[in-house]
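Data first, discussion second: the structure below is written as structure tokens.
The values are calculated or read from the model by the stated rules, or taken from the named source; none is laboratory data. This one's a predicted model, so the numbers in the text were calculated from it and none came from an experiment. Please note: Cβ atoms are built from the backbone with ideal geometry, for glycine as well, and neighbour counts cover all protein chains shown.
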């Protein structure tokens, strides 16, 4: 009950912000609050409350400028899709399909895996919708197709990449000092590369604020990290200082 009261207060505050000045940020906050209220209602299988939130969202959306409407077009699509999911979970197949078609949500892989849609999978209208979605180009494909052509004639001044010789003294010293054959293991090339990559990840922290050693090679970097105790655990790294 407490969560419902807090959510109601939040949506009222968001609505007030919209009345005082319906800018992009205020509407984005209003949209997030609407999502929260819809999630609560959907969990409770309260489809009437879900629909009410969508209707309030649409009423506010219709007051936006043409530019802002375009910016939030995908957001409106998501709201209608989520309402379709709520109806589907509640067993109201007709309304679920009506709002699914209204949403024009054509992410085929998402639709195929979304458990909220399981009640609809044998419905002829859903099968027809899936056929439409399967042949739609997603937004990423459209972005790539609408992008300007690559300039294949462009040249850069980057040095050509080359591998060091396996006889290089630095590589030989590194291999011996850290017993890299044992770390790499005995799998295929990809497995051995991954083993070495994970070893380096645990040994050298992801910290670009300490500068580089005077001698820029792997041995110097490892030595400096150990000497200055720079390989302490960083937030989110999951590796200890050992």
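Does residue 70 satisfy being farther than 21 Å from residue 106 by Cα and modelled with pLDDT under 90? Considered against the rule, which asks whether it is farther than 21 Å from residue 106 by Cα and modelled with pLDDT under 90, residue 70 comes out as no.
Is it the case, given these coordinates, that residue 135 is within 23 Å of the chain's Cα centre (by Cα) and surrounded by fewer than 17 Cβ atoms within 10 Å (Cβ to Cβ)? Answer is no for this residue. Can you pull out every residue in the stretch 114-132 that is under 14 Å from residue 103 (Cβ atoms) and part of a helix (DSSP H, G or I)? If the condition is that a residue be under 14 Å from residue 103 (Cβ atoms) and part of a helix (DSSP H, G or I), then 116, 117, 120, 125, 126, 129, 130, 132 are the ones that fit. Scoring residue 56 on the criteria (1) farther than 22 Å from residue 133 by Cα; (2) crowded, with 17+ Cβ neighbours inside 10 Å; (3) modelled with pLDDT of 90 or more leaves a single failure, condition (2). For residue 82, the stated conditions hold: it is in contact with a helix residue (DSSP H, G or I) (Cβ under 8 Å, 6 or more places away or on another chain) and assigned by TED's automatic domain parsing to the domain that holds residue 45.
Every test in (1) more than 30 Å from residue 111 (Cβ to Cβ); (2) assigned to a loop (DSSP other than H, G, I, E, B); (3) modelled with pLDDT under 80 is passed by residue 224 save one, and that test is (2).
Would you say residue 123 is outside the structural domain of residue 48 (by TED's automatic domain parsing) and surrounded by fewer than 16 Cβ atoms within 10 Å (Cβ to Cβ)?
Numbers: outside the structural domain of residue 48 (by TED's automatic domain parsing): yes; surrounded by fewer than 16 Cβ atoms within 10 Å (Cβ to Cβ): no.
Answer is no for this residue.
Residues in the stretch 133-154 that are part of a helix (DSSP H, G or I) and touching a helix residue (DSSP H, G or I) at 6+ places or on another chain (Cβ under 9 Å) were compared, and the one that is nearest to residue 45 (Cα to Cα) is 133. Of all residues in the stretch 28-44, those satisfying the criterion of being over 17 Å from residue 58 (Cα atoms) and surrounded by 21 or more Cβ atoms within 10 Å (Cβ to Cβ) are 41, 42.
Criterion first (within 28 Å of residue 141 (Cβ to Cβ) and outside any helix (DSSP H, G or I)) does residue 106 satisfy it?
Working: within 28 Å of residue 141 (Cβ to Cβ): yes; outside any helix (DSSP H, G or I): yes.
For residue 106, the condition - within 28 Å of residue 141 (Cβ to Cβ) and outside any helix (DSSP H, G or I) - is met.
Within the stretch 89-103, restricting attention to residues that are over 18 Å from residue 133 (Cα atoms) and in a helix (DSSP H, G or I), which residue is modelled with the lowest pLDDT? Per the stated criteria, the residue is 89.
In this structure, does residue 111 turn out to be under 23 Å from the mean Cα position of the chain (by Cα), over 26 Å from residue 26 (Cα atoms) and either at pLDDT below 95 or crowded, with 16+ Cβ neighbours inside 10 Å (or both)? Judged against the criteria, residue 111 is a match.
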